[in-house]
1. Please get the size of the charge dipole for the chain, origin at its Cα centre, with Cβ charges of +1 on Lys and Arg and -1 on Asp and Glu, quoted in debye to the nearest 20.
2. Relative to a virtual label point 7 Å from the Cα of Val85 in the Cα→beta-carbon direction, which members of the range 31-49 show backbone nitrogen distances below 13 Å?
3. With just the Cα atoms of the chain, tell me how far they stretch along each of the three principal axes, in Å, largest first.
4. So what is the relative contact order of the chain, in percent, for Cα pairs below 8 Å that sit 6 or more residues apart?
5. Once the Cα atoms of the range 1-65 are picked out, what are the Rg and Dmax in Å?
6. So if we plug the beta-carbon distance of His38 and Met10 into 1/(1 + (r/R0)^6) with R0 = 35 Å, what FRET efficiency do we get, rounded to 0.05?
7. Relative to the present Cα-Cα distance, how much length would full extension add between Ala100 and Ser73 at 0.36 nm per residue of separation?
8. How much net charge surrounds Gln71 when only other residues with a Cβ under 14 Å from its Cβ are counted (Lys, Arg +1; Asp, Glu -1)?
Amino acid sequence: MATVPESEVMQLHAEVCAALSEPKRIMLIYELSAGPRHVNDLAAALSSPQPVVSRHLKVLRERGVVTAERQGSMVVYSLSDARVVQALDLLRAFMATTLADRARVASAPRLPLEAAIDPRSQA
């Protein structure tokens, strides 16, 4: 079995991350986590025009995050792999921890202005 060069793996990783960098696309992934949907249903759920949602779905499809299946005149979109939702949930947990840490730092007692300017004044 041939191995994929590390540079290709990194490129794919970057492309998937780029696809996840848009809030509307993240919202689409969460909508699709409930099951396959038509683009019009997704547009209504996101309160976005259908052409905008279609463009976002195209990006997700090109990156392998979602699949599209024609059913008559309609196209049904679904997640290619449910683990993408787990990945997003892990990122949310990471961000929650990071924000909590930042809030603790921001609310920590401050040094008096003189001590912050001249450390010798603490002696």
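No value in this document is a laboratory result; all are computed from the given coordinates. Only a predicted model underlies this, so the values are computations on that prediction, with no experimental measurement involved. Note that we place each Cβ from the backbone using ideal geometry, even for glycine, and neighbour counts take in every protein chain shown.
1. It works out to roughly 280 debye.
2. Inside the label zone: 31-37.
3. Principal extents (Cα only, largest first): 79, 45, 21 Å.
4. Relative CO of the chain lands at 20 percent.
5. Just the Cα atoms of the range 1-65 yield Rg and Dmax of 14.0, 46 Å.
6. Details: r = 35 Å, r/R0 = 0.99.
Using R0 = 35 Å, I get an efficiency of 0.50.
7. Stretched fully, the Ala100-Ser73 segment lengthens by 4.9 nm.
8. In short, 0.
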